[in-house]
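These notes concern the structure reproduced below.
The values are calculated or read from the model by the stated rules, or taken from the named source; none is laboratory data. The structure displayed is predicted, hence computed values, not measured ones. A quick note on method: Cβ atoms are made from the backbone with ideal geometry, for glycine too, and the neighbour counts reach across all protein chains shown. Side chains are part of the model used for accessible areas, which takes the heavy atoms of the whole protein and leaves out ligands, DNA and RNA. Shrake-Rupley method; radii C 1.70, N 1.55, O 1.52, S 1.80 Å.
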Amino acid sequence: MLSVDLCVIGAGSGGLSVAAGASQMGATVVLVERARMGGDCLNFGCVPSKALLAAARAAHAMRQADRLGIERHEPRIDFAQVMDGVQDVIAEIAPHDSQERFEGLGVTVLRASARFVARDTIEAGGETVRARRFVIASGSVPLVPAIPGLDAVPYLTNETLFDNEQKPAHLIVIGGGPIGVEMSQAHRRLGSTVTLIEKLTLLPKDDPELVEVLRAQLLAEGIILLEGAEVTRAERSAGGIAVSVRRSGGEVRVAGSHLLVALGRKANVDDLNLAAAGVAHGPKGVETDRRLRTTNRRIFAVGDVTGRFPFTHMAGYHAGIVLRNILFRLPAKVDDRAVPWVTYSDPELAQVGLGEAEARARHGSVTVLRWPFHDNDRAQAERDTRGFAKAMIDRRGRILGASIVGAHAGELLQPWCLAIAKGMRIGAMAGLVVPYPTLGEVNKRLAGSYYTPKLFSDRTRGIVRFLLRFA
């Protein structure tokens, strides 16, 4: 029997942050992980996908070099070498998340599956662990739909995609969310034919106005988009795999060499025996309050398993909330007002706070500001003026949300994250002094446009003429 202050289940972003923080602040900690240290983000998600996107971006830049007066040419792509490079990136980062590092911090690491046997006890790999507090950080797994025939054909998910060293001749992607969009564009730029199938519309959780800019880019690159389309069957074909797709115009058959299922995630709770611990959970994940406590007050949950915003950065944020509750007995609570997310396509699409539709629904009258990249000098200098920034402002000038589609949108979004988190008004952003020429000027110009109607009005001109008489 191991008796400790804290037991963390899952060594992904959230679990590692909790374990490291608690151990370094004096708690005795057991960390349980049945698969790879680093979890989904390091091994199957954020890290490898961005490494693959970087390779794809380099290939695309060679094809587009003529826009800068440089001879363009079709790159020679060694797909296996690209994938080896992706694995190299994982290997470079892995030591930070390794078992050895955490044992060096004083954490007891058990490489096994965890299963609750009581409200305060788990079993893992032949060990029994009793803890004063638990944190469930078991993450999520790919959601695989019940498509007839799918179980009889080879298919990829994000957990297997980056082990594939054979370039797909024709990649069929089911799911037009962030994973589907990013991997569709990456493979297209690396030389594959790509068909992307989405039951609803592309990136249905994002602002349609911004998504349209990205849709146009995907189509321009030759990605075949089938929106409003449902896959009804999968089967083997002479070339590999075929799927039947139902659309408003009838049913079509799409044949390809590889199939990627990218239909989202589901909470990874099936083997935890949560009933024995008195922890309630549903289709979206483990039920928690705003302090991230489950229905068993000794047990907390963080990250994807909670069903709240399945992003690595949110798992890290959750870890901080839980540490304050467990170690310092502070009633810290989750604040979801300034949650950012980014689709790392080209152009990138980023959002924080309320989108336009949600802002209007909640606040009624809102001011919507827009500023195009076309009017930014740095964007002109780099010959990439696609996209625009958008902000939603309430009647008092308070910033409700911001959305950006364009180059480096994820980086440009960060001042808006701070502004919304701190309840700032649009004047704070408009008053910034920013270096020239930078893409960051888009944010300042966008904010400044809030004042344009009043600043250059007939009333203002009248006041200025009056004051000049006494100059």
- Message: Using helices alone, I'd like the mean residue ellipticity at 222 nm for the chain: each DSSP H run of four-plus residues gives -39500 (n - 2.57), total over residue count, nearest 500.
- Response: -9500 deg cm²/dmol
- For segment 230-269 and segment 64-130, what is the separation of their Cα centres, given in Å? 28
- For segment 254-271, Karplus-derived ³J(HN,Hα) couplings (6.51, -1.76, 1.60; θ = phi - 60°; whole Hz; x for glycine and proline) come out as 10, 10, x, 8, 9, 10, 10, 9, 9, 9, x, 10, 9, 4, 8, 10, 4, 9
- Task: Could you tell me what % of all Cα pairs in the chain have separations over 32 Å?
- Result: 49
- Query: If you count, for each residue, the other Cβ atoms within 10 Å and average over each peptide, how do 140-148, 353-361, 44-52 line up from highest to lowest?
  - Reply: 44-52, 353-361, 140-148
- Message: Under the rule of at least 5 residues apart or a separate chain, name every residue whose amide H is placed under 5 Å from the amide H of residue 295.
- Response: 280
- Highest mean packing first, using Cβ neighbours within 10 angstrom, the peptides 187-194, 460-467 sort as 187-194, 460-467
- Task: Would you work out if segment 288-406 is rounded, prolate or oblate? Take a ≥ b ≥ c from the square roots of the eigenvalues of the alpha-carbon gyration tensor; rounded if a/c is under 1.5, else prolate when a/b is larger than b/c, oblate otherwise.
- Result: prolate
- Task: Could you list which residues have their amide H under 5 Å from that of residue 3, counting only those 5 or more apart in sequence or on another chain, with H placed in the peptide plane?
- Result: 130
- Pairs 205/390; 50/444; 390/444; 50/199: which exceed 22 Å Cα-Cα? 50/444; 50/199
- Note on the structure: For the chain, dividing by residue count, accessible area per residue (probe 1.4 Å) in Å² works out to 47
- Compute from the Cα atoms of segment 102-244 the Rg and the Dmax, the latter being the longest Cα-Cα distance, and quote both in angstrom. 20.8, 58
- Query: Where the eigenvalues come from the Cα gyration tensor of segment 218-277, what are the semi-axes √(5λ) of the equivalent ellipsoid, largest first, in whole Å?
  - Reply: 33, 15, 14
- Item | Surface accessible to a 1.4 Å probe, residue 120 within the full protein complex, Å² | 40
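Just the number, please: carbon plus sulfur as a percent of the accessible area of the chain, 1.4 Å probe, no ligands or DNA/RNA counted.
Details: 11840 of 22260 Å².
For the chain, the apolar C and S fraction of the accessible surface comes to 53 percent.
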